[in-house]
Every structure is written in structure tokens, then in C-alpha cells.
Amino acid sequence: MLMTPSRSADGGRRIVDLDRCLTEHPHTRRRVCERLEQRRDRAALDAQVQQQIAEITRIASQTSFNGTKVLDGSSGVTTFQVGANVGNTISVNLAQGVRADQIGQVASGGGTNVTATALTGSNLTIQVGTGTAVSIGASVAGSAGTTAGQSSYSAYSKVQAINAAGVAGLTASASTTATGAAAFSNITGGSAGTTTH
């Protein structure tokens, strides 16, 4: 049986489409398998990391010298005799432990907004760990001024005051998120830079 040329061409296109589908199927299946393998790899990596963290804690908790634990932070300032004579000693501050829960610590605080009260220099004291408590100085308006969100009571100014105090082991940061009850409309940007919506 002879087919008309248009039916032959249409049949050829269908065969090409079918061939493309069959060719693409293994690629798609391979991508799915690769993604599943990546998930398994992440789970395996996480398990290894958790084992290493547990090992760090075990070592820090069990390491001792002359019956004194030296890596868990419990021995404080410890004096060691290093010579034959009286006074041949070295004092080492071992108050900061190195268990997994004592290193790489991050603290964060949050709230719905920054209060409209500037720091006065007497209303905030910060202490990190067993370090010295530091009084934070007054917050002052930033050089960009109130219209740029840098008033003396802004998060920007309070962070500047906290970081200027030099609290050991602390770096403060703040971010601002503006939200509205209704959708924004007619937003315009300045002539310099771009506006992201």
C-alpha cells in the first residue's frame, strides 16, 4: 500500500518524535538518579560530620593532665610547674573549653522591631561567656541621617554602638525588612542605582 507524501511525512515526524522521547527518557532517568545520589551523599556527609563533632566532644571531655581536665573549660586558670626551682611555673587560662558545644558559637536575637529609644550609655551591658561585662556607649545618628534609617534609635546606630564597645568575641549586625499590609504601587527609584521589588 502506498501512502500519500503528506501522510508519509507526518508518519516520519511521529517516528522522529518517538525516537526523541525514547532518547530523552534515559537522560531524564539519569538526572533523577543523580539527584537521588546527591541526597544520599548529603546524608552520608552529614553522618560523617556528626561523627566528627561527637569525636571532638569526646576528646575534649576526656583529655586530662595530672588528673585535671584541660580541654573542657572546667580547669580555669591552671598553673604548671615547668622547672626544678620554685617559681618556675607557667599559668595557662583553660577556661574556654573546646567541646563541640563550646566552639563556633553563634547567638542571635530578634524581635518585631527596634524600640524607639536610643542607647544612653547606661542602659545596656553585654558579656560573652565568662568574659568581662562591657557597658555599651550611647547610640548616635549615622552620617546618612534620620531619613536613611540611621537615627540614634535605629538598629544601624545601636549596632554601631555595640561594635564600637569592643566586646571580646562579639560582632553585632542588623538588617531591615520593610513590609506592608497592602501591595506596593507606584514605587520609584532614585536616579543613582536600581530599585529591587
- Report yes if G67 is free of Cβ contacts under 8 Å to residues at least 60 places away in the same chain, exposed (fewer than 10 other Cβ atoms within 10 Å of the Cβ) and not polar (S, T, N, Q), otherwise no. yes
- Count, please, the residues in the stretch 24-80 that happen to be acidic (D, E) and more than 29 Å from the chain's Cα centre (by Cα). 1
- What are the residues in the stretch 126-143 that are within 29 Å of G73 (Cβ to Cβ) and surrounded by 17 or more Cβ atoms within 10 Å (Cβ to Cβ), if any? V134, I136
- Message: Need pairs with beta-carbon distance below 8 Å; first residue at pLDDT 80 or above and assigned to a helix (DSSP H, G or I) and within the stretch 31-54, second surrounded by 10 or more Cβ atoms within 10 Å (Cβ to Cβ) and not aromatic (F, W, Y); sequence gap 6+ or separate chains.
- Response: I53/A100; A54/A100
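To keep it simple, each residue is scored yes or no on (1) modelled with pLDDT of 80 or more; (2) of a type in the set (G, A, S); (3) surrounded by fewer than 16 Cβ atoms within 10 Å (Cβ to Cβ).
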position: N88; (1), (2), (3): yes, no, yes
position: V98; (1), (2), (3): yes, no, no
position: L119; (1), (2), (3): yes, no, no
position: L124; (1), (2), (3): yes, no, no
position: G145; (1), (2), (3): no, yes, yes
position: A148; (1), (2), (3): no, yes, yes
position: Y156; (1), (2), (3): yes, no, no
- Hey, A182 modelled with pLDDT under 75, under 30 Å from L71 (Cα atoms), assigned to a loop (DSSP other than H, G, I, E, B) and not polar (S, T, N, Q) or not: no
- Task: Please state which of the following conditions Q102 fails to meet, knowing it meets all the rest: (1) of a type in the set (S, T, N, Q); (2) at pLDDT 85 or above; (3) not in a helix (DSSP H, G or I).
- Result: (2)
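The values are calculated or read from the model by the stated rules, or taken from the named source; none is laboratory data. Here the structure is a predicted model, which means the values were calculated and not measured. Quick reminder, even Gly has a Cβ in these numbers, built from the backbone with ideal geometry, and neighbours come from all protein chains shown.
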